[in-house]
Structure formats: structure tokens, C-alpha cells
Amino acid sequence: MILPALIIFLLAGGILAWSAEKINASYPKWIALAVLAIYLVVMGSLWSAENTTALTGGSWKVHFMKPWIPQFGVSFHLALDGLSLLMLLLTFFLGMAAVLISWKEIQNRVGFFYFNMLWVLAGISGVFLAMDLFLFYFFWEMMLIPMYFLIGIWGHENRRYAAYKFFIFTQASGLLMLLAVLGMYFVHGATAGEYTFDYFAWLGTPLSTQTGRWLMLGFLAAFIVKLPVVPFHSWLPDAHAEAPTAGSVILAGLLLKTGAYGLIRFVVPLFPEASHYFAPVLMGLGVLGILYGAILAFAQTDIKRLVAYTSVSHMGFVMLGVFAFNEVAMKGVVMQMITHGISTGALFILAGVLYERIHTRDINHMGGFWPQVPFMGTMGLVFAMASLGLPGLGNFVAEILTLLGAWQANHTLTILATVGLVAATAYSLRIVQKIFLGKPEHHYTLPDLSGREKLILVPLVVAIVWLGLFPQAVMQQVDQPAKAGTAQTQVTTSGLLVNQHVKGGEHDPK
Amino acid sequence: MHLTFYVASAIAVLSTIMVITRYNLIHALLYLVVSFLAISIVFFVLGAPFVAALEIIVYAGAIVVLIIFVIMMLNLKAEAVEQEREWLTRKIFIGPALLSVVLLAELAYMILQSRTTDFNAPMLDAKAVGLSLYGPYVIGVELSGILLMAGIVGAYHLGRQKKKVVHRFLESTEE
Amino acid sequence: MKELLWLIPAWPLAGALILILGGHRMSRTLATLVGAGSVGLSALITLLIGFAFLSAPEPFDQHLWTWMAIGNFQPSFAFHLDALSMIFLFVITFVGFLIHIYSSEFMAGDEGFARFFAYLNLFVCSMLILVLADNLLLLYLGWEGVGLCSYLLIGFWYQEEKNGYAARKAFIVTRVGDTAMAIGLFILFQTFGTLHIQSLLQQAPQAWSVGDQTALLVGFLLLGGAVGKSAQLPLQTWLPDAMAGPSPVSALIHAATMVTAGVYLIARTHVIFELAPQAQLAVGIVGAVTLLLAGFSALTQNDLKRVLAYSTISQIGYMFLALGVGAWSAAIFHFMIHAFFKALLFLGAGAIILVLHHEHDMFKMGGLRHKLPVIYGTFLIGAASLAAIPLVTGGFYSKDQILWLAWAGERGNVLLYLAALFGAFITSVYTFRMVFVTFFGAEHSHVSHPVGKAMLTPLVVLAVLSTLAGFLELPHTLGHVTIFSDFLSPVLPAVNVRPDAESMELLFQVIAAVVALSGVGLAYYLYVLKPDLPSKIKEEIPGLHHLWFVGWGFDALYDTLLVRPFVYIAKVNKHDVLDKFYTGLVTVAEFFHRALAYTQSGMMRWYVMGIVIGAILMLTIGLIL
Amino acid sequence: METVPVESGLLLAGVLFMLGLISVLIRRNIIFMLISVEIMLNAAGLAFIVAGSRWAQADGQVMFIFILTMAAAEVSVGLALILQIYHQLKTLDGDMASKMKG
């Protein structure tokens, strides 16, 4: 029951926040914060829960199922395993940071803002939990519209354009996924005789080579646009740059992760043959993203655009790792999802904090801020280092594991990806240099971080360092005891591939 | 009967041509009545006496009269005819005529291509039509009723004249 | 006693954290106490562990926690103590401690006092992790950590744009090398499924025969990493610029410890290099070429610290040369001696620069031997050691060993030997050029204030160390002391001398001594007896002089080949050419939008016309098909 | 009854329809346009009648009656609109009523 309650209370919290605005304009933020804090604690309590519920394709901590539209085989099916749990924790953690950072930034239509924020988070939570593809699509679209409002209403100067662009990109790609979902529904129905959208039923559906590839491309379209992968990335810099700080944090920290999550949870397990077939191309796109994003990031002068392009670069590692098909890389990807969420979220928060003070995002108007804001500078340094993959911080673990794993799959691409680390150094150091170092030529009155801002950033620093030194605690969550008889399969996160591959082998038509 | 058919057809076509070339509305309407009468004869020849009657009553009678009433209400004078003369130049005929001829040629080609045998026009009297109307087409009849109702209400609503009140479809909108 | 091992890096880390978090509220004394004290404690523990290690010299492993565990791949936070890491520990903590003490006075007037000590402590911690790591991933952590601290400290005076540039350059250039090293790690992981150093060293000889392709590849990639960190050809360009940092930083990071991490890495993975003779030969060649190129560049520099920087590159070249001929312990020995005397020289240079109001140009100094006698004395000792003045200096023994083994060692080579010998000559020339120009001749500048004890004491201690430490290892012909190589023998194999060469050792020592002394003589002739001559020579060969002065133009080369194209592409593509595709789509859509909106004229007749044309089209198509 | 060639009937309907069409296209006076539409509707009805009598079915006539109904409704609404337009714009020029252009 905890899973549907989770989503329902987020939605209810959103409505409550909206209506509470009429009583007092400061209620919505408190409500949002409280809802998220409660859920962070609730999710934390699930941390040590055993994966007891046995379902096809691994075992799960919590599981909930109710028929929804039984005529079409649609059910309200939620399940939580280690991966989902990690993603949810990240969701609520960053959600709280996003609420706190909007504390003063958002002054108009406060209630509606927090309503949208909670609804986005509800959609994201749903995406991480849904085990029914119809439901999954439902949540996938549900997170889109509040996000559109967040960008379009509270964004910066060019917000309309950015919001449209974001919406059109994700919506168009989402429709392709809908097509693929329906295609899979009918293909599965025709072979299994039972028309259902259930994920577990779909696992191991025998697909002809052609069908599998086309259906996979449909799913892939949605996920790689969301991730995003070059050349489908161009919505991201605009959306990130124009969104309010909280919007950027949620976009970079969470929305992009839904794409990665989709790849891990759906694309690879449902279409093992097609995934292997396309793997070199997709890894290549990942590497292209790493390098291209890094070069673009280096050129930007708008701090938020810069950070946005670093996201493109970092998400390339996800592509590289997922399609390397081995456990090391897969764990790297999971780590990358979490650490990137934290480090990029933090960089956006810093950008927002700076914007609040000096009302510009142009780094040419910055420089020499260190003496005035040493604390902020230290924070900036830490997260810049995280973004360049400094060992000891979480991102390093993610990147090195991804690369170690990817090396087994493809040497050339891994070398190119490793070169990307040098480029990452270039842009990360540029951030630090342009903002905090150099001569203070522009005269701003810059108070250092306030207590509230410290409250946001310090936990993020702690988290990123903790992830860098003790990643094992997190990686255990996606551990699955290797199952007997799967020697030839490539084990990955949550054992998703394990079953799948064996089953696929049995029916493989060609 | 052949002859009757062709004569009526010729009258119908000629009078219609007159309709479309007149400058004066009333003249045009009179030619229109002629055209309707001719067509009514064609209907009769084709074995549809009920419809022939309807044609005269409704088209030549009601509709044309309605239009004449409106013309009277608008109180159009000689200027209207002058303006019509101004608008209706020879040049303006060229394009539409060309298009229509092409369309007609295509229609004629299709009609003549699938040449069927001649037929005896059977007499289908009002009873046959009535049975059909209130049998298989009863839904259509009811829909027609609704349509007429809508027509009446619409005409009443639109035709109402309130002074100095601009209808919301036509009021000038701010840019 | 050895269980305290984890405390050695932990103290500086704690110090760094305290200083970062609370440094701005601390008094300078307290900050010094925390900064220097923590390193001092580390040094103390090192000493204790050192004694324990001497009495029971078996390697010691300390497992702190498992870093990550994926199947059988379980890199840990675990330390491995053996003779090699012991020596590095010793040098890092003690030299580090001395430099901390020195810095407490050197940085006394700086507003970033606590920050400086925080970075320095963090550096010491990272460096200690680097040398203690029992797996390559943890080593990589230390490796990048020192890179970060190097970046922070080079750019310590961040208000100067060029310092920031130098700092970024250092970080990025070393990162290029790190990339090679990372790829080496990938290959090792793929081959052995582990990155645990000791297991790798055990498994490598079983998996690979001598000359194996993979081993060769790994060797070259590790060399790439080492080359970046140790500022060897072709990635040496960052080190001279790194002199933008405060002098203690140059002494600690860019002379004594961090830049020798490459030497440590190769020594640590020597088994792999022994399995890949070509890679090892490459190490030697890189060393030989670097020591010559850097030596020539050192000859032409005017900036005191840049001379020392090039000299450092050159001396590390010697270490690489030694590694390349398999003289492992000779390389480590030279590392230790070099750490002492080069730290000494940098500290001395720093003191001079400080009292001369940040004057770097040594031709504007002159005649300082009377004004700054202690500095003069210690500097001279350091310089003598660097120039390898026979018998009395540590540098002589360490460098002589390398020279000798370069020729006589099993993998020795006449060309390498000649390069090293010529390098030794250049070394003594530029060293004493520096000494004579700085301390002799006419005074050109004013000494502002005397140098305090906190700065002088480390100089004296280092002077003593750089002299005495040489006697830990004496050649056959002179006493035959082998304490150092015996100590290292469990870790690093001894080099075999070719049997036919043994008898000639004395001759080679005499040659080395003569070369060193003649270099000093030449310097004396050029810079004391005929001070006009050098500028005349310079005018004779302006092109060559300029080439040497700019470090053989590597900077310009990389600038043209890599930096400028990268920046150019970045600038040109700032607005993301791929986005043009989507904006193009939008433009097309908008074009059609306008075109269709235009047909929406509001005139009914046009709409009817449209319908007619449409009907004609459809009929026509229907008829044609 | 004598025979009537079905083609002739259809052609007549086509010719009448075309004439109505030409008129719609050339006229600017909306009352004329309305008249033209009547002609076209009538022509369409004629086609139905021809077809109905060709197959000896009453359906054609039924359809004509529907068309007739529609024409009546159309004329009443159309005339009301014409009145309204004339009041608003003081002209019967159809091209003037082009406020809805895109």
C-alpha cells in the first residue's frame, strides 16, 4: 500500500499546497517541504528492507497491484526494488533541495508553483515505480506538463521558447514510445494469447528480429531524447537555462534520470537481441555526447547553459555503460545517475544562488568572487571537481566503473570517452576560474551563503563525498545474488538481464 | 418524351446562363424561376411527379419568394445594379469558367465512359417516396426536422436587429 | 606499531578539514599549529613505524574498508607498506614537515594563510595515499588528489590571471597523462580482473611472457601517466609555468614529491616493465632525452625558479633513465637525494625572492653571499649536490650510480650513458651559473629584511640531509655501503652489472667527477671571470637561445596543434550547430504556416476556388491512375 | 414511357452545377452567391433523381427531399446572415466580410 499512497499523497500535497496559498502565501512551501521530508524518511526506512517479493526478473522489496482497466489488461502495478529505491531517494532529496532553493526565488503564484513541483515529483516517482507499461506511459506524460508550467511561468527571459521546445521534444519522442508500447502490446497478445500491459508478462516475449528492433527504437526514442543523447539534446540547454533554479535542479537531477532508468529497466530487458544489435551505435552516440557536450560546455558563457551541456556530456557515460552489458559498467551507470543528479543539481543551485545576488548568468560578468564568498567558492570548487571526476567524489566512482566496464565491450570508444575526461577538466576548471578566481573587476555586494543555502548545499557535499568514499552502501542496493544457471548471461543491475537473456534464448526464432 | 426532355433541358441551361449574367437581382430571380420550372419538367419526364411538384412549390415558390422579400427589405436601388455591372466584368469570367469547363469535361468523360443502356423511366409516385421516407429513412426525416428547427432558430437569432449592437462575430477585435 | 599506519594520511586530512572548515576564524599561530602539527605527527608516526619496519621488515597490509565490490572486483581503502613506500613516506612526511615550518614564516603576510595550509595538508594526505595504496584505483585517487592540490596551490594567488592559467595548464596536461594511465588500468582490469597491485605483480609474469604485446601496451600507457605527472617529454610543459605558485609549493610538490610520483608508479609496477623490455627502453629514452632538453633550457633561463624547474625536469629524467636500465634502487636513491637538495634549493630561492620583494630575475640579484650567508651556504651545498661535486655531496653518489649503471647495467646502453654524462656536464654548468650569478658579482638589489629562524632551520636540516644521505649507498670503489639497496631489495630487484664492465667502475667515476668539475669551471669562467661572454654567445646564436629559452617550443607546438583548434571549435560551435537542424525544422514549419495562413484570406470566393481546384486535382489523379 | 439516356440527365445536372459554380466564383454580391448555391444544390438534386429513376428506386427522390430541406434551412439562415451583414457593413460585397482572414 505504501507505493500508491506515495504517489497519491504527493498529488494531494500538491493540491493542498495550491489551496493553502489563499490562507497564507508561505504555507505552500512548508507543505511541500513537509511532504517531501516525510517521504524521504519513509523511503529511508525501506533501505534495509529485504528483496523478498519474488517476481519474474528479480526480486522486489515492495509490490502493489490493482486492476485498473481490466478490459485492456491495464493494471495499477507498482513495484520497488533497489534501483527504484535509490532513484526515489534521489527524487525526494533533490526535491527538498529544490523546495528550499525556491524559498525566496519564487514570489508570484507560489501555490501553483509548489503544486506543479509536487506533481512533477509525483510523475517522476510514478515512472520509477510503474511496472505496467500503460501506467508507465501515463506517468511519463504526467511529469511533462507540470514541468512545462514550471519553465513557462517562472523561467527567465526566453522561457516560452524553452518551454515549447522542451515540450515538443519530449512529447514527440513520448508518442513514439506510445506506438512502441502499443506495438509490443499487440505482439505480446498475439503470441501469449493474453492482452496485457504488464511488464513482467512482457519479459521474455519472443520477438522476430525485425519487430524487436523497431519496437526497441520506439522505446529508445523517448529515453534518449530525455537522457539526452546527441543529436537529440538541443532542448536541454534551453530548458535548463531558462527554467527557474528549482526547475533546473529537477530537470537535471531527476528528469534526465528517467531516461536512463527507462534504458535500464525497459529497453535492455525487453529487447535483448535488439539492444545487442544496436549497442555499438548507441555506445558511439554516448561517446559523441561526452565529447560534443564537453566542447560545447567549454564555449558557453551563460553559467546555466554551461552546466546544462556538462549534463549532456555526463549522460553520455550512461549510454556507454548501459550498452556495455556488464555488471561493472551497469553499476557505474547507476552511480552516475545518482552522483550526476547531486553534482549537477548542486551546480544549478549555485548558479541560482549567484543569480539571486548579481542578477546575471553571464560568466564574463563574474570573477574574483572568492574573497567575498569563500564558503560558496569552496562549494563551487567541490562540485566542479565532482563534475571533472575527481577521485574521492561520487562521480569518479561512476565514471571509472563505467569506463572499466565499457572497455570490455569496446576499446576505441572507451579511449575516446576517457579523453572526454580531459575535456571535462577544461570546462570544470573554467567554471571555477571564471566565477571565483581572477581579479574582482565587477563590483557586487555579495553576501556569502545564508543559513538556508548552506542547509541545501552542505548535505549535497556530504552526499557526494560519502558516495565517493563509501559507494558500496549504495551499490549493494542494486546487487542481486547471481542466479544459478545463468553463467553465459551478462549479469546486470537488479538481475534484470539475467532471466531475460535465458528466456530470449529459448524462443529465439532465428 | 425525348423531345420534352431535351427542350426542358435546353430551357433550364439557357435560363441559368441568364441568371448568372444578370446585373439586376430581380431579373436574375425571374430567370431562376424559369430554370426551376424547366427542371421540374425534367423531373416529371424522369418519372418523379411528386418531386416535380415539390420543386415548383419549394424552390420556385418559397425560396425565391424569400429572397425577393429580403431584397425588398434591403431596399436596393439602381446603384446596386450599377455596382453589379462594375463588378461583373468579362475578365472575371475567364478563370472560373476555365476551371469549371475542365471539371465539366472530366465529369462528362466519366459519365460517358461508363455508357450504360438506356432505360425506361418508371413512374415512382408519392406513395413510393412516402413509404421510403417513413421506412428506412425515418432517422433522416427526423434529422431534417432538427435541421429545419435549427434553421428557424438560427434565422431568428441572426435576423434580429438590435440597434447599435454589433454581433460578437463581427465586432472589431483588438490586435 | 604498524597498525598506526592509517594515521599517517589521516592526520594531514584532519588538519586540512579543520583548516577548510574553521581556518578563516583561526589565528595564524593556531593555523600553523594545525597545519604543520598534523604533518609533524605524521612524520613522528612514520618514524615509529620506520623503526618497527626496520626491526621486522616484512610488508604490512592494512585494510580499512571495501571501497566498492562488484563480483570479484573489490578495490579497497587499504594500505600496503613495504620498503619502497617506507622511503616515500619518510621523504614526504619529513620534507613536508620542514616545508610546513618554512611556510609558516614565508606565508606569514598572506591573507590566505589558513587556506594555504589546508591545501598543503590535503596535498600531503593525497601523496601519502598515493604511495600507500595497495590497489591502483586508490593510487589513482591519490594521483588525482595531488593533481588537484597542485592546481590549487599553483593558482594560490588567484587574482593574477596568469597564475590561474598556469594552474589549469598543469591540471589539464597531467590529466592527459592520467588518461593514458586510466586506459592502462582498464587493460589490467580486463586481463586480471583486479587492480590490487601485489596480485597484479604476482600474476603478470604468469600471464605474460617477456615481450608480450599487452604487457607492452600496458607499459607504455603507465609510462604515459608517469610522464604526465613527472613532467617528462612530451608532457613536461606544465612544470616551468607551475612556478607561479608560492616557493614552498614548488619545493614540496614540484620538486620533492608529486613530480616523482611517476617514478614511484614505474618502480611500483616494475614487474610489468620487466615483461615489456621495449616499454622499459622507452622509459630510459624518455628520461635521457628529457634530461638533455631540460638541461639546455635551464642554461638559458633568467628566472631563478624556472632554472630550478627545468633542473627538476632534468633530474627526474635521470630517475627515468635509471628506471629504464633497470636500476630501480638507483632511481629511488636519486629520488630521495633529489628531494632533499631540490627542496633545499627551492626553499633557498624562495627565501631570496621573498627578501628581494618578489624579484625572480637572477640577473637583478648578484652579490648576495655577504648579505645572506646562511642561505648562501645551504644553497651552495644544495647546488653542489645537484651538480654532483665528487665525494662530498649526496648528489654525486646517487647520480654516479645512475651513470655507471646506464653503461654497465644489463640493459645499459652507450648512448644512454653518453646522454647522461653530457647531461651531468650541463647540469653543473647551469647550477653554478645560477650560483655565481645570484651570489657573486655586483649587488643589484636591496635586501629588505633578514630571514627568520623558521625559514633557516629547514634549510640547514635539508643541507645536512642532502649531504649525509648520500652515504647510505656508496659504490664498490668507495667503501661499498649498500644500506639503501639492501633495504629496497625485497621490493625491487637489484640490477645485474655486466661481468666485463665491473673492473672499469673507477674509471667511470673519475670521468663523471671530471665532467662535473669542468662544468663548474666553465660556469666560473663564463660568469665570474668573463661576465660579458655569455651575452656575446647569446647574440651569436639568437635562434637557438630563444628555442632553449622557451623550452624547445613545446608550448607553441601544443598551442597550435591542440589548444587553439579546441578553443576555436568551441567558440565557433558555441551555439551548437546541431541545434540549427531543429531551428531549421521550425523555420520550415513557420514558412508553411505563413504560406497557408496567407491562403486564409477571409474571402469566400477564394475558398470556393480552392475547393474547385482540389476537386479537379482529385478527379485528375483518379482519372490518371 | 420512352427511354431517356441516363448520360443526358447526368450531363444536364453537371452543366447546371458548373453554371452555379461559375456564378459563385464570379459574383461579389452575396445574394447572388446565395442564388448560385441554390442552383448548385438543385443540380445535385437532379443527379439524384436521374440515378433514382435509372434504378427505379425511390431513394433518389428521398435524397432530393433531404437536399430540399437543407436548402430551405440554408436559405433562411443565409438570408438572415445577409441582413445582418448588410446592417453591419452597409454593403452586400462578400469580399468585405473578410475579418476571419488568417
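Per the Kirkwood definition applied to all pairs of different Cα atoms, how many angstroms is the hydrodynamic radius of the stretch C:327-540? List each step's numbers first, then the result.
Numbers: mean 1/r = 0.0548 Å⁻¹.
When all Cα pairs of the stretch C:327-540 are included, the Kirkwood radius is 18.3 Å.
Given +1 at the Cβ of Lys and Arg, -1 at the Cβ of Asp and Glu and no other charges, the dipole of the protein assembly as shown around its Cα centre is 2520 debye to the nearest 20.
Within the straight-line cut-off of under 19 Å between alpha carbons, the lysines reachable from C:LYS453 are C:LYS371, sequence neighbours fewer than 8 places apart in one chain being disregarded.
Contact order for chain C, expressed relative to its length and based on alpha carbon pairs under 8 Å spaced 6+ residues apart, stands at 12 percent.
As a proxy for reagent exposure, A:MET283, A:MET43, C:MET504 were ordered by neighbouring Cβ count within 10 angstrom, fewest first; the result is C:MET504, A:MET43, A:MET283.
Normalised by the residues of chain A, what does the relative contact order come to in percent, with Cα pairs under 8 Å and at least six apart?
Details: 920 pairs, mean separation 79.3, N = 510.
Contact order relative to length: 16 percent.
The coefficient of translational diffusion for chain D, derived via Stokes-Einstein from the alpha carbon Kirkwood radius under 25 °C and 0.890 mPa s, stands at 161 µm²/s. Legend: Rg and Dmax of the stretch A:271-481, from Cα coordinates, 17.8, 60 Å. Distance between the modelled labels on C:ALA494 and B:LEU143, one decimal in nanometres: 11.0 nm (7 Å Cα→Cβ projection).
Going by a ≥ b ≥ c, the root eigenvalues of the Cα gyration tensor, does the stretch B:34-94 fall in the rounded group (a/c under 1.5), the prolate group (a/b larger than b/c) or the oblate group? Judged from the Cα gyration tensor, the stretch B:34-94 comes out oblate (a/c at least 1.5, b/c at or above a/b). Averaging the Cα positions of each part gives two centres, and for the stretch A:279-351 and the stretch C:139-159 these lie 24 Å apart.
Is the shape of the stretch C:89-160 rounded, prolate or oblate, going by the alpha carbon gyration tensor and its root eigenvalues a ≥ b ≥ c, with a/c under 1.5 for rounded and a/b larger than b/c for prolate? Because a/c hits 1.5 or more and a/b fails to exceed b/c, the stretch C:89-160 counts as oblate. Taking B:LEU107, B:LEU30, B:LEU66 as the candidate residues, the one with maximal mean-square fluctuation in a Gaussian network model of chain B, Cα springs under 10 Å, is B:LEU107. Note on the stretch A:246-330: semi-axes of the ellipsoid equivalent to its C-alpha gyration tensor, largest first and rounded to whole Å, are 26, 15, 8.
Divide by every residue of chain A the summed helix terms, -39500 (n - 2.57) for each DSSP H run of at least 4, and state the resulting mean residue ellipticity at 222 nm, rounded to the nearest 500 deg cm²/dmol.
Working: 21 runs with 353 residues, N = 510.
Rounded to the nearest 500, the figure is -23000 deg cm²/dmol.
Going by how many other Cβ atoms sit within 10 Å of their own, how do C:LEU596, C:LEU5, A:LEU254 line up, fewest first?
Working: C:LEU596 10, C:LEU5 24, A:LEU254 30.
Listed from fewest to most nearby Cβ atoms, that is C:LEU596, C:LEU5, A:LEU254.
Computed over chain A, the range of Cα coordinates on each principal axis works out to 71, 57, 41 Å, biggest value leading.
Ranking A:LEU215, A:PRO67, A:MET337 by Cα position along the charge dipole of chain A, where only Lys, Arg, Asp and Glu carry charges on their C-beta atoms, puts A:MET337 farthest toward the positive end. Report D for the stretch A:11-140 in µm² per second (integer): Stokes-Einstein, Kirkwood Rh on Cα pairs, 20 °C, 1.002 mPa s. Answer from the Stokes-Einstein relation: 136 µm²/s. Based on Cα contacts under 8 Å between residues 6+ apart, the stretch A:271-481 shows a relative contact order of 28 percent. For the stretch C:1-74 and the stretch A:144-197, what is the centre-to-centre distance using only Cα atoms, to the nearest Å? Using only Cα atoms, the two centres lie 53 Å from each other.
In plain terms, chain A is cut at each of the GluC sites (Glu not before Pro) found in a DSSP loop with at most 15 other Cβ atoms within 10 Å, and the longest leftover piece is A:195-440.
So what does the Cα-only Debye profile of the protein assembly as shown read at q = 0.04 Å⁻¹, as log10 I(q)/I(0), no solvent term? Taking Cα atoms of the protein assembly as shown as identical point scatterers yields -0.39.
Distance between the pseudo-spin-label points of C:TYR607 and B:LEU131 (7 Å out from Cα toward the beta carbon): 4.3 nm.
Report the normalised scattering of the stretch A:107-245 as log10 I(q)/I(0) at q = 0.10, 0.11 Å⁻¹, calculated by the Debye formula with identical scatterers on the alpha carbons. Listed by q, the Debye log ratios stand at -0.40, -0.47.
Comparing Cα centroids, the stretch C:449-517 and the stretch B:48-98 end up 121 angstrom apart. For C:LEU418 and C:HIS358, the difference between the fully extended length at 0.36 nm per residue and the C-alpha to C-alpha distance is 17.7 nm.
C:ILE197: net charge of surrounding residues, Cβ under 9 Å, Lys/Arg +1, Asp/Glu -1, itself excluded?
On the way: positive: C:ARG268; negative: C:ASP134.
So the environment of C:ILE197 carries a net charge of 0.
Just so you know, the averaged projected area of the alpha carbon convex hull for chain B sits at 15.9 nm². Restricting the trypsin sites (Lys or Arg not before Pro) of the stretch B:57-111 to loop positions (DSSP other than H, G, I, E, B) with no more than 11 neighbouring Cβ atoms within 10 Å leaves B:LYS77. Multiplying each eigenvalue of the alpha-carbon gyration tensor of the stretch C:576-624 by 5 and taking the square root yields semi-axes of 33, 17, 4 Å, largest first, rounded to whole angstroms.
Mean silhouette area of chain C, derived from the convex hull of its C-alpha atoms and averaged over all directions, reads 42.3 nm². Rounded to whole Å, the principal axis extents of the Cα atoms in the stretch A:1-50 read 44, 17, 7, largest first. Amide H contacts of C:LEU64: C:PHE77, C:ALA78, C:PHE79, each under 5 Å away and 5 or more positions distant or on a separate chain (H built 1.01 Å from N in the peptide plane; Pro and chain starts excluded).
Can you give the helix-only mean residue ellipticity at 222 nm for chain C, where every DSSP H stretch with n ≥ 4 adds -39500 (n - 2.57) and the sum goes over all residues, rounded to the nearest 500 deg cm²/dmol?
Values: 28 runs with 439 residues, N = 625.
Mean residue ellipticity, 222 nm, calculated: -23000 deg cm²/dmol.
Relative to the longest principal axis of the Cα atoms of chain B, the long axis of helix B:138-159 lies at roughly 20 degrees.
The numbers here are math on the coordinates, done by the rules we state, and not lab data. Remember, it's a predicted structure, so these values are computed and weren't measured experimentally. Glycine also receives a Cβ, built like all others from the backbone with ideal geometry; neighbour counts cover every protein chain displayed.
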